[in-house]
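In what follows, a single structure is set out as structure tokens and then discussed.
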Amino acid sequence: MARSGAEDIDRLRRDIDRALADKLDAERVLPLLARLARATAPGSEPWLYAHRHLAEMGVEHDPWRAALFARRVLQFHEEDDGAWAVLGLAQSLLGNYRYAARAYERALAIAPDNPWYAHNLGHLYDVALNRPQDALPLLAQATEAQTGEADIAASYAHALARCGKLVLAKKILKRAIRHGATADQMALWRWLDAGAPTTGESGPDPQRPADSKRKTKRRRARERQSLGD
């Protein structure tokens, strides 16, 4: 597609903004973003906007392609924490855990107060890279910042148990899932209740890395299970 005029680009940008505001499915928004990316000059603001959203919205469906879009953004803006975080999530989904950790380290260095970056990096350290001690301060930071997020608390509890802090791990998890838990969180609770036995593995994975957008992430539907005292 040839580079479009300013009016066409502005109109397309408004269409995309409206689609995002209306929370349309990615299948309907991604083609608009691709058109905007093709219609604008590399490195321009609308080009970067298109590539950021292409990476974020497409990461679960096609993590390899999302990583490509994120790297294109980083070619022009190395300090874009969101692009580093999406790259980290994409590499996590592709199984490239060391690469993913390096990407999240960059994201967290740029935005050190972001609890999702801290959580995802800590979760990678604990479950994927067998570094639970390194995970603890990151997961503690994320849990303190997002006290209502059971997913984050579950990751923290998992790392605590692996570091021998079983009593605190059970306390953290029980408080987090008192109103309901996912199947993964209940499996984690049973593992903790059994004394967090070591079987050559790290124990049940409480969850996969979270969606790495700056402020929000999708919430899983919770299975309404409760713990006895």
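The values are calculated or read from the model by the stated rules, or taken from the named source; none is laboratory data. This structure is a prediction, so every number in the text was calculated from the model and none was measured. Neighbour counts run over all protein chains shown; Cβ positions are idealised from the backbone, glycine included.
Just a few scattered comments:
- Inside segment 124-149, residues that are under 15 Å from the mean Cα position of the chain (by Cα) and either assigned by TED's automatic domain parsing to the domain that holds Glu78 or within 19 Å of Lys174 (Cα to Cα) (or both) make up a count of 5.
- Sole exception among (1) surrounded by fewer than 19 Cβ atoms within 10 Å (Cβ to Cβ); (2) within 22 Å of His119 (Cα to Cα) for His77, by number: (2)
- Of note, Leu87 does not satisfy the criterion of being buried (at least 21 other Cβ atoms within 10 Å of the Cβ) and either outside any helix (DSSP H, G or I) or not assigned by TED's automatic domain parsing to the domain that holds Glu56 (or both).
- Cβ-Cβ contacts under 6 Å between residues 6 or more apart (or on different chains), taken from a first residue in segment 94-116 that is crowded, with 17+ Cβ neighbours inside 10 Å to a second residue that is aromatic (Phe, Trp, Tyr), are listed as Ala103/Trp84; Tyr104/Tyr117; Arg106/Trp84; Ala107/Trp84; Ala107/Tyr117; Leu108/Tyr117.
- Put simply, of Arg71, Arg28, Arg52 the only residue that is surrounded by 20 or more Cβ atoms within 10 Å (Cβ to Cβ), part of a helix (DSSP H, G or I) and of a type in the set (Lys, Arg) is Arg52.
- Scanning segment 57-98 for residues that are out of contact with any helix residue (DSSP H, G or I) (no Cβ under 7 Å at 6 or more places or on another chain), more than 26 Å from Ala21 (Cβ to Cβ) and of a type outside the set (Gly, Ala, Ser) turns up Leu68, Gln75, Glu78, Asn96, Arg98.
- Count of segment 129-173 residues which are over 18 Å from Trp116 (Cβ atoms) and not in a helix (DSSP H, G or I): 6
- Of the residues Arg208, Arg190, Arg175, Arg162, the single one that is basic (Lys, Arg), modelled with pLDDT under 90 and assigned by TED's automatic domain parsing to the domain that holds Leu129 is Arg208.
- All told, Arg38 falls short of being surrounded by fewer than 16 Cβ atoms within 10 Å (Cβ to Cβ), part of a helix (DSSP H, G or I) and in contact with a Gly (Cβ under 7 Å, 6 or more places away or on another chain).
- Scanning segment 176-199 for residues that are surrounded by fewer than 18 Cβ atoms within 10 Å (Cβ to Cβ), within 23 Å of Gly148 (Cβ to Cβ) and small (Gly, Ala, Ser) yields Gly180, Ala183, Ala187.
- Tally of residues being basic (Lys, Arg) and part of a helix (DSSP H, G or I) across segment 15-25: 1
- Taken together, the residues in segment 55-68 that are at pLDDT 95 or above and loosely packed, with under 14 Cβ neighbours inside 10 Å amount to 1.
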